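Take a look at the structure below.
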Amino acid sequence: MFKYETSFRQFSFATLQLVTEKINSLNKNSITELGCHSGYLTLELSKTFPLSNIIPVSLSDYKTTAHIRKVLDKNNFSMVKPVLLDRKTINEYIKTINTDIVFIDNSFSYPPRVLDEIVKSNIICDVIYVDGDSIIHINTESLISQKRKESMVIQPEPQPEPAIEEPVVNIEEAVPEYAAVEEVEEEVVVEEEKVKPKRRRRSRSKKTNSE
């Protein structure tokens, strides 16, 4: 029995069988294998599902991809074409996934993070990955539906802050001297108006006497 090695852990042939059994129970025709590593899982999938469209995706270098190609050709699976990506093109490739099943290996990326990107891209599929000795299976349709419902929740409109009224200050009450000055000015004006008419009358009477 061989062990399928990944960057983070090793899972046994028994776990590999659990993966193939889970995929077989879904009765789907296309599989994207994110993180095909050395190609042994790709070979096992090709043997188990010879009529399925299998797309192995690798983040390794060209030598590893050539090794996967050699393993597949040796076992008469030349129709399976591995895809080589780099870290910069992962998210762009995820958006183009168009298969029924996506298997995520830990050698590719952290599976929950990849699952989140698949849901953000509104891709409906069955996602499978290994967590310890357990096989995690999630259908993204329910997650996408939940995400849409959350986005449709009407957020309460922000209420405007109440206007702060500035207190009205009565300057006469605040400064009594100011009111007293205004009263004095009014009295002076009245006296001047009374004096001016009297002066005009006296000048007219002088003119009449001289005549």
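Residues Cys36, Cys125, ranked from the fewest to the most other C-beta atoms within 10 Å, line up as Cys125, Cys36. Each peptide in 94-100, 50-56 was scored by the mean count of other Cβ atoms within 10 Å over its residues; highest first, the order is 50-56, 94-100. Here each label is just a point 7 Å from Cα along the line to Cβ, and for Asp133 and Phe13 those points are 1.9 nm apart. Between His67 and Asn122, the C-beta separation translates, for a Förster distance of 35 Å, into a calculated FRET efficiency of about 0.50. Using a cut-off of 27 Å between Cα atoms, the listed pairs Lys88/Lys149; Lys81/Lys149; Lys22/Lys149; Lys74/Lys120; Lys22/Lys81 include Lys88/Lys149; Lys81/Lys149; Lys22/Lys149; Lys74/Lys120 as exceeding that distance. Per-residue extension of 0.36 nm, minus the Cα-Cα distance of Thr96 and Gln159, leaves a gain of 18.4 nm for this segment. The ranking of Lys120, Lys88 by Cβ neighbour count inside 10 Å, starting from the fewest, reads Lys88, Lys120. If you plug the beta carbon distance of Met79 and Lys28 into 1/(1 + (r/R0)^6) with R0 = 22 Å, you get a FRET efficiency near 0.80.
Every number in this text was worked out from the coordinates using simple rules, so none of it is lab data. Values in this document were obtained by computation on a predicted structure and should not be read as measured data. FYI the Cβ positions are ideal-geometry reconstructions off the backbone, even for glycines, and counts take in every protein chain you see.
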